[in-house]
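The values are calculated or read from the model by the stated rules, or taken from the named source; none is laboratory data. Please read all numbers here as calculations on a predicted model, not as lab measurements. For neighbour counting, all protein chains shown are included, and Cβ atoms are generated from backbone atoms with ideal geometry for every residue, glycine included. These area figures cover heavy atoms from the full protein model, side chains too; ligands, DNA and RNA do not enter into them. Shrake-Rupley method; radii C 1.70, N 1.55, O 1.52, S 1.80 Å.
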Amino acid sequence: MRTGKPVISNHLENEERFRTPDLLAAHGVRRAINVILQGEGAPYGVLEVDSRSAGEFSERDIAFLQGAANILGMAIERQRQEQALNMALEHQQVLLQEINHRVKNSLQLVAGMLRLQAGDDPHLGQRLQEASSRIMAIGRAHDRLYRSPQVQRIEMSGYLSDICEDLKQVTPNCDILFDASAQVFVNTDRAINLALVVTELVTNAARHAYPNGTRGPIRVRLGRVDGNVARISVRDEGLGLGPDFEVTKGHGFGMRLVKALAQQTHGQFRIERHPRGTEFILDIPINA
Ligand SMILES: Nc1ncnc2c1ncn2[C@@H]1O[C@H](COP(=O)(O)OP(=O)(O)OP(=O)(O)O)[C@@H](O)[C@H]1O
Ligand SMILES: [Mg+2]
């Protein structure tokens, strides 16, 4: 290690350049050959071959052993790099989760501020309340991402369940009943779009199906139509849509948002009028 050069000692019992370890003497080792185990910068150590037999190690033995040591050195180097890479990856994962946690907290803060401001004016208040719900729905996505090991996809039943819980706070006149009959994983962008659709439909039901604080249920369901299509529906048992309502016509910000988001998720959106109330149904392909 000190000289950086290979060492042959063919007569350990007479060796004067270094001390022969007792272990070797105890096992009757008579000769030894050492080569450097080279790392990226400094050497890792030495590779040594010992022999009890008489005879001589030669320059050719050095060449052979150095070849083996070089392969070993490369293997060790690779293993170290792999370890370093894995550590970096883990660190990255932690950072990403931390960021999602922060984003969620920031969005929660923004939503909270809007809700506080909502107190001043009843009409504006309603608007701010709805804006706050939309922001909360996005915040919940980051909350999910923060808790999950995967960041590309979100599981919808857990996510929508969180959102329904949040919406209960702002729709005290309604019983929001969430029911999921399947787990549905979709990529994060689509998941957020779907969450916004549900937010919009639930706030609409609370406001239009049950006006002036009248009470009633809002059922939010998630299930599968078949292996490739998932269904999200929001159903109320309230007043029902006016006779002149048409899905394709203009309407307010809510329905326009729902239609745009449904389109972005490649979903099929339709409305069913029931004897009591309305059902909004979105079918989405889940392998797209
Ligand atoms: N669940 C429902 N029951 C009865 N009527 C509804 C329901 N959802 C929507 N509507 C009717 O459809 C109209 C359009 O809804 P949309 O969400 O686009 O607008 P908005 O709720 O009036 O306003 P915005 O969403 O822009 O705040 C509503 O004004 C209401 O008349
Ligand atoms: Mg609306």
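Distances between placed amide hydrogens fall under 5 Å for R30 paired with S51, R52, S53, all partners being 5 or more residues away or on another chain.
Okay, which of region 28-56 sit inside 18 Å, backbone N to the point 7 Å along the Cα-Cβ direction of A88? The answer is 40-41, whose backbone nitrogens lie closer than 18 Å to the label point.
Tell me which trypsin sites (Lys or Arg not before Pro) from region 144-238 have a DSSP coil assignment and no more than 15 other beta carbons within 10 Å of their own.
Answer by residue number: R215.
Given +1 at the Cβ of Lys and Arg, -1 at the Cβ of Asp and Glu and no other charges, the dipole of region 1-121 around its Cα centre is 60 debye to the nearest 20. Taken over region 7-82, the percentage of Cα pairs per 10 Å bin, counting from 0 up to the bin with the maximum distance, is 19, 42, 29, 10, 0.
In this label model, R80 and S53 are separated by 3.5 nm, measuring between points 7 Å along each Cα→Cβ vector. Beta bridges per DSSP, both residues in the chain: antiparallel share near 80 percent.
Quarter the surface of the alpha carbon convex hull of region 189-228 and you get the mean projected area, 3.5 square nanometres. Note on K249: lysines with a C-alpha under 25 Å away, same-chain residues under 8 apart excluded, are K259.
Which chymotrypsin sites (Phe, Trp or Tyr not before Pro) does region 1-109 hold that lie in a coil by DSSP with at most 13 other beta carbons within 10 Å?
Values: sites: F18, Y44, F57, F64; in loops: F18, Y44, F57.
Sites meeting the loop and neighbour criteria: F18.
The alpha carbons of region 137-218 stretch over 43, 23, 18 Å along the principal axes, in descending order.
Computed about its Cα centre, the charge dipole of region 153-288 is approximately 200 debye, with only Lys, Arg, Asp and Glu carrying charge at their Cβ.
Give me the accessible area per residue for region 183-288, probe 1.4 Å, as a whole number in Å².
On the way: 5200 Å² over 106 residues.
So region 183-288 comes to 49 Å² accessible per residue, rounded to a whole number.
Over 15 Å apart: what share of the alpha carbon pairs of region 215-288 falls there, rounded to a whole percent? Tail of P(r) above 15 Å: 60 percent of Cα pairs.
Distance between the pseudo-spin-label points of R256 and V229 (7 Å out from Cα toward the beta carbon): 2.9 nm.
Partners of K168 within straight-line reach, counting lysines whose Cα lies under 22 Å from its Cα and excluding those fewer than 8 residues away in the same chain: K104. Rounded to two decimals, the Cα-based Rg/Rh of region 153-288, with Kirkwood Rh, is 0.94.
If exposed GluC sites (Glu not before Pro) are those in a DSSP loop with at most 16 other Cβ within 10 Å, what is the longest stretch of the chain that has none?
Details: sites that count: E15, E16, E40, E56, E246.
Formally, the longest exposed-site-free interval is 57-245.
Based on every Cα atom in the chain, Rg and the maximum pairwise Cα distance Dmax equal 35.0, 110 Å. Listed values for region 212-229 are Karplus-derived 3J(HN,Hα) couplings in whole Hz (6.51 cos²θ - 1.76 cosθ + 1.60, θ = phi - 60°), namely 6, x, 5, 9, x, x, 10, 9, 10, 10, 10, x, 10, 7, 7, x, 10, 10, and x replaces Gly and Pro.
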